[in-house]
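The values are calculated or read from the model by the stated rules, or taken from the named source; none is laboratory data. Just so we're clear, the structure is a prediction, and the values are computed from it rather than from any experiment. So basically every Cβ, Gly included, is an ideal-geometry build from the backbone, and we count neighbours across all protein chains shown.
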């Protein structure tokens, strides 16, 4: 049976770009998550996996003002999604990179191709399998940018995955590059791809933590107060 979705009022909070000192100044996606989770006001709350929270912040900031309200309904889905398994970092960064690579500008495709190969090698090491076997989705995506892939293959040929450095540096860099590439791509509606990155990152984290997405309910009173605070901050 499908998981029950938490009830949310029809009205949604007003999200804005950047970090805010308090809700009277506005709120980004993760700041509202911290508020609804009952934590101290922060865009780096403990209630959400750090890389998933990074995706949320970046998507929030790079989505257009017109498209940003569609992100608000996703806020409850990130609350409670935490875990230490490095598979989460690898799969989130890999998914973001594979979404962005086919539509990225040429100067970003090399970085994204490197990200795909590095993520695949990290996953291979975690799963104790040969590092030269790519998933079908990665093979397909890399095939859309053969020159970038050839360059990335040469660049990474002598690089072994350092797991601590991957979590600390490579995975966040891959996510940032992917979001920026999608936001700046010459496509009709980048907001659709940015939202897709966030939705699928939530699904990955939910699957690997065993805490199904959207299982955390947000009561009407908390949601209404979040709406009031953000609307007041935006003069509505």
Worksheet item: So which residues in segment 135-171 are over 21 Å from the mean Cα position of the chain (by Cα), closer than 17 Å to residue 89 by Cα and at pLDDT 90 or above, if there are any at all?
Response: none
Discussion item. Can you go through 125, 133, 110, 70 and tell me which one is over 21 Å from residue 179 (Cβ atoms) and surrounded by 14 or more Cβ atoms within 10 Å (Cβ to Cβ)?
Written reply: 125
Practice prompt. Would you tally the residues in segment 42-65 being in contact with a helix residue (DSSP H, G or I) (Cβ under 6 Å, 6 or more places away or on another chain) and either closer than 21 Å to residue 84 by Cα or buried (at least 23 other Cβ atoms within 10 Å of the Cβ) (or both)?
Written response: 16
Worksheet item: Within segment 21-57, how many residues turn out to be free of Cβ contacts under 8 Å to residues at least 24 places away in the same chain, in a loop (DSSP other than H, G, I, E, B) and on the phi < 0 side of the Ramachandran plot?
Response: 8
Response to the item:
residue 199 vs (1) touching a helix residue (DSSP H, G or I) at 6+ places or on another chain (Cβ under 6 Å); (2) modelled with pLDDT of 95 or more; (3) surrounded by fewer than 18 Cβ atoms within 10 Å (Cβ to Cβ): all pass except (1)
